[in-house]
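All remarks here apply to the structure that follows.
The values are calculated or read from the model by the stated rules, or taken from the named source; none is laboratory data. Since this is a predicted model, take the numbers as computed values, not measurements. As a convention, Cβ positions derive from the backbone with ideal geometry for all residues, glycine included, and neighbour counts pool all protein chains shown. Ligands, DNA and RNA are excluded from the accessible area calculation, which covers all protein heavy atoms including side chains. Shrake-Rupley method; radii C 1.70, N 1.55, O 1.52, S 1.80 Å.
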Amino acid sequence: MSDDTPSTSLPDKGKAPLDGIRVLEFAGIGPAPYAGMLLADLGADVLRIDRPERARLFPVMNAPIERGRRSLILDLKEPAAVETVLRIIEKADVLIEGFRPGVMERLGLGPAVALGRSPRLIYGRMTGFGQDGPLALSAGHDLTYLALTGLLHAMGPGWRQPVVPLNVAGDMGGGGAFLVIGVLAALIERERSGKGQVIDAAILDGAVSQLAIILGLRAGGLWDRPRGENFLDGGAPFYRTYRCADGKFVAVAALEPKFFAALIKGLGLDPWEHLPAQLDRAQWPILHAEFEGIFAKKPRDEWAALFDGADACVVPVLDFDEAAAHPHNIARATFMEVDGALHPPPAPRFSRSELRALAAVAPGEGGEAALKDWGVSR
């Protein structure tokens, strides 16, 4: 694959929002590469530093999280490689790394050195626990961080252990996305101050930030039951999933009274005959049993058709292939296909700016051209 490989992109509208912004990314896994993908999607010129061992192990694939960069292989144990990175830093607007605290400092590439070479540099640090605190140097993964926020404890029915979620609330949402928020905010602030700064992005912090509405409900006494018995954790019979006759599921999210009324109507029930009030928690088991019995009588897609356009907030629970084929997702190009594989397109969308989804590259591909473009000599 060459540097002039055509991009898979949304319709051309103009320059991307981050056009002209140069980002230096140190290869890693999980949230830091996700941040690199997001910045590349928004138009930043991202140069990834890959280790020699990664070049040997890297599978050749067009993984979405790897897309949009050029890559340079450097052995950072070599002084000449470190000096090359410092020259790159002088030309970069942003640096992102996802190592444990202290690793970049030991390499001679810590914030003090980097900002000494480029005072306008935005230095983004992505970790699980943050740069300080008793656990800062501890190992962990998405599940580790969620367990220490209260978020994991709140997931799943009360009669079994907490449900292990996909690593989106922690790694991607609380980690990579919050790092990008920090980078964008720091770039705006730099326009006023003319100075760079260090961003300490911790998955733990970002995950807790996403709990804002839940902590608000808890403070107001509206989230005071055990796991699986509250409004938004499956406890409410009008906010949960139900198994249908074919073993597939529908998702019901009829929180507001008007949506609940549409749900009742669609289920063929008479609210005045025997149903308890929607918010009478003591009677929720009755509603659970009633809804379970009715949804089990028809296949999922029959229920989906019945509730289509009814404003009852009842939709089918789709797998990935079904989601890609859903009419709304097709109309908005919510998924895109690259070499037969599903990819997420760039998000969010802009009225004037073009968002790009450039192909992924293997380690070492395009890096020398990037050095030339950035005006950096080894």
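For region 325-340, backbone phi angles converted through the Karplus equation (6.51, -1.76, 1.60; θ = phi - 60°) give residue-by-residue couplings of 9, 5, x, 5, 5, 5, 4, 9, 6, 5, 10, 9, 10, 10, 6, x Hz, Gly and Pro being listed as x.
Entry note, the chain: relative contact order of 25 percent, from Cα contacts under 8 Å with a spacing of 6+ residues.
Rounded to two decimals, the Cα-based Rg/Rh of region 49-188, with Kirkwood Rh, is 1.02.
Shown in residue order for region 179-189 are the 3J(HN,Hα) couplings computed by the Karplus curve 6.51 cos²θ - 1.76 cosθ + 1.60 at θ = phi - 60°: 4, 5, 4, x, 4, 5, 5, 5, 5, 5, 5 Hz (x for Gly and Pro).
Rg of the Cα atoms in region 245-378, relative to 2.2 N^0.38 Å, amounts to 1.68. Could you work out the local net charge near Asp311, counting Lys and Arg as +1, Asp and Glu as -1, over the other residues with Cβ closer than 11 Å to its Cβ? Result for the neighbourhood of Asp311: 0.
Counting only helical runs of four or more DSSP H residues, what would the 222 nm mean residue ellipticity of the chain come to if each run contributes -39,500 (n - 2.57) and the total is spread over all its residues? For the chain, the value works out to -9000 deg cm²/dmol. Working from label points 7 Å from Cα in the Cα-to-Cβ sense, the Ala261 to Ser351 distance is 3.5 nm. Could you give the angle, 0 to 90 degrees to the nearest 10, between helix 79-91's Cα long axis and the longest principal axis of the Cα atoms of the chain? For 79-91 against the chain, the angle is about 70 degrees.
For region 98-253, the alpha-carbon coordinates run over 64, 35, 34 Å along the three principal axes, in decreasing order.
Per residue, the convex hull spanned by the Cα atoms of region 143-212 measures out at 75 cubic angstrom.
Counting only protein heavy atoms and a 1.4 Å probe, region 57-142 has 45 square angstrom of accessible area per residue. Distance between the 7 Å Cα→Cβ label points at Lys372 and Ala63: 2.9 nm.
Relative to the globular-protein estimate of 2.2 N^0.38 Å, the Cα radius of gyration of the chain stands at 1.17.
Take each peptide in 171-177, 207-213, 280-286, 109-115, count the other Cβ atoms within 10 Å of every residue, and average; sorted highest first, the result is 171-177, 109-115, 207-213, 280-286. Database remark: amide H of Ser71 closer than 5 angstrom to the amide H of Arg48, Gly364, Glu365, Gly366, Gly367 (H placed geometrically; neighbours at sequence offset of 5 or more, or on other chains; Pro and chain starts carry no H).
Other residues lying with their Cβ under 10 Å from the Cβ of Ala207 contribute a combined charge of -3, Lys and Arg counting +1, Asp and Glu -1. Tell me, what % of the accessible area of region 201-359 is carbon and sulfur with a 1.4 angstrom probe? That fraction is 57 percent. Each distinct pair of alpha carbons in region 318-378 adds a 1/r term; the inverse of their mean, the Kirkwood radius, is 14.6 Å.
Take each peptide in 20-31, 241-252, count the other Cβ atoms within 10 Å of every residue, and average; sorted highest first, the result is 20-31, 241-252. If R0 equals 56 Å, the separation of the Cβ atoms of Leu215 and Asp75 corresponds to a calculated FRET efficiency of about 0.75. At q = 0.19, 0.22, 0.24, 0.25 Å⁻¹ the log10 of I(q)/I(0) for region 204-243 amounts to -0.61, -0.75, -0.83, -0.86, computed by Debye summation with a single uniform scatterer per C-alpha, solvent ignored.
Could you provide, to the nearest whole Å², the per residue accessible area of region 158-216 with probe 1.4 Å?
Per-residue accessible area for region 158-216 comes out at 53 Å².
Here Glu191 and Asp308 are evaluated by their C-beta separation; at R0 = 41 Å the FRET efficiency comes out at 0.30. Comparing Ser351, Ser193, Ser118 in a Gaussian network model of the chain where C-alpha atoms under 10 Å apart are linked, the largest mean-square fluctuation is found at Ser351.
What base-10 log of the normalised intensity I(q)/I(0) is obtained for region 16-110 from the Debye formula, alpha carbons as equal point scatterers, at q = 0.16, 0.25 Å⁻¹? The Cα Debye sum returns log10 ratios of -0.65, -1.47.
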